[in-house]
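The values are calculated or read from the model by the stated rules, or taken from the named source; none is laboratory data. Remember, predicted model here, so these are calculated numbers, not experimental data. Using ideal geometry, Cβ is built from the backbone for each residue, glycine included, and neighbour counts are taken over all protein chains shown. Only protein heavy atoms, including side chains, enter the accessible area calculation; ligands, DNA and RNA are left aside. Shrake-Rupley method; radii C 1.70, N 1.55, O 1.52, S 1.80 Å.
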Amino acid sequence: MNADKIKESMRAILRAESDAISAIPVTDSYVRAVEIIVDRIHRHRGKLVTSGMGKAGQIAMNIATTFCSTGTPAVFLHPSEAQHGDLGVLTPDDVLLLVSNSGKTREILELIDLAAGLYDGLPIIVITGAPDSPLALRADAALLTGGAPEVCPLGLTPTTSTTLMTVIGDVLVVNVMNNIDFSRHDYARRHHGGYLGSAARGDKNVL
């Protein structure tokens, strides 16, 4: 291995991904997305249902677990399993948060139709890199990544795109936390184990 080439590559990747994050479009859709989540989940007792296929699905799952630990009930729904009974997790006051870089993922588009057949009018928040995609056009709030190219040398493997999706998820989580006045005490009630649980409770041995 050439150590200098690896370090040079690392610097280039860090620059590319940092630039991509800085270029995420800041739009009113974020305001709309936060309003939807706060209204449907914290006023009407629904939940956030995230979904995505492949790497985007892993990001959607991470977003759901982060929302859960910060006071917003959320679950991950696999779009394929939804067609085999898991769609039943939906309730009338839920919000769909769908993640697809292309905005054309067949299983996600099918999930929208299936959900509408069960409860018409569920709000849809989308994270995508394609503003004119079928998924973005069906969204109540489309959160765009900016569509920066992947740092993968083939230009194929989800790398930069998944970084951007994760950051957008963080933006949503933090702004919902701020809007519901989520406190350290609230966090401790949901996170009992490990270092974070001890830190949230203010245990002296971890501070």
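Val176 satisfies every condition listed in (1) open to solvent by 50 Å² or more (accessible area, probe 1.4 Å); (2) under 16 Å from Phe67 (Cα atoms); (3) touching a residue at least 60 places away in the same chain (Cβ under 8 Å) except (1). Would it be correct to say that Leu14 is within 16 Å of Ile112 (Cβ to Cβ) and not β-branched (Val, Ile, Thr)? The answer is no for Leu14. Residue-level check: of (1) open to solvent by less than 30 Å² (accessible area, probe 1.4 Å); (2) part of a helix (DSSP H, G or I), Gly103 misses just (2).
Among the candidates Ile124, Ile108, Ile168, single out the residue that is among the hydrophobic types (A, V, I, L, M, F, W, C) and touching a Pro at 6+ places or on another chain (Cβ under 9 Å).
Ile108
Table: residues versus (1) open to solvent by 40 Å² or more (accessible area, probe 1.4 Å); (2) in contact with a helix residue (DSSP H, G or I) (Cβ under 8 Å, 6 or more places away or on another chain).
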site	(1), (2)
Tyr119	yes, no
Pro149	yes, yes
Leu172	no, yes
His192	yes, no
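The set of residues in region 9-27 being touching a Leu at 6+ places or on another chain (Cβ under 8 Å) and farther than 11 Å from Val151 by Cα consists of Ile21, Ile24, Pro25, Thr27. Residues in region 1-46 that are over 30 Å from Pro153 (Cα atoms), of a type outside the set (Lys, Arg), touching a residue at least 40 places away in the same chain (Cβ under 8 Å) and assigned to a helix (DSSP H, G or I): Ser29, Tyr30, Ala33, Val34, Ile36, Ile37, Val38, Ile41, His42.
If you go through region 62-74 one residue at a time, do you hit one that is β-branched (Val, Ile, Thr), surrounded by fewer than 16 Cβ atoms within 10 Å (Cβ to Cβ) and more than 20 Å from Asp120 (Cα to Cα)? Within region 62-74 (the criterion being β-branched (Val, Ile, Thr), surrounded by fewer than 16 Cβ atoms within 10 Å (Cβ to Cβ) and more than 20 Å from Asp120 (Cα to Cα)), the answer is yes, since at least one residue qualifies. Do any residues in region 65-76 that are over 13 Å from Gly46 (Cα atoms) have Cβ atoms under 6 Å from those of residues that are of a type outside the set (A, V, I, L, M), where the two are at least six apart or on different chains, and which pairs are they? Qualifying pairs under 6 Å: Ser69/Arg190; Ser69/His191; Thr70/Phe182; Phe76/Thr50. Counting the residues of region 47-57 that are out of contact with any Ser or Thr (no Cβ under 8 Å at 6 or more places or on another chain) and in contact (Cβ under 8 Å) with a residue 60 or more places away in the chain gives 2.
Is there a residue being touching a His at 6+ places or on another chain (Cβ under 6 Å), open to solvent by 30 Å² or more (accessible area, probe 1.4 Å), under 28 Å from Asn179 (Cβ atoms) and at pLDDT 95 or above anywhere in region 44-54? There is no residue in region 44-54 that is touching a His at 6+ places or on another chain (Cβ under 6 Å), open to solvent by 30 Å² or more (accessible area, probe 1.4 Å), under 28 Å from Asn179 (Cβ atoms) and at pLDDT 95 or above.
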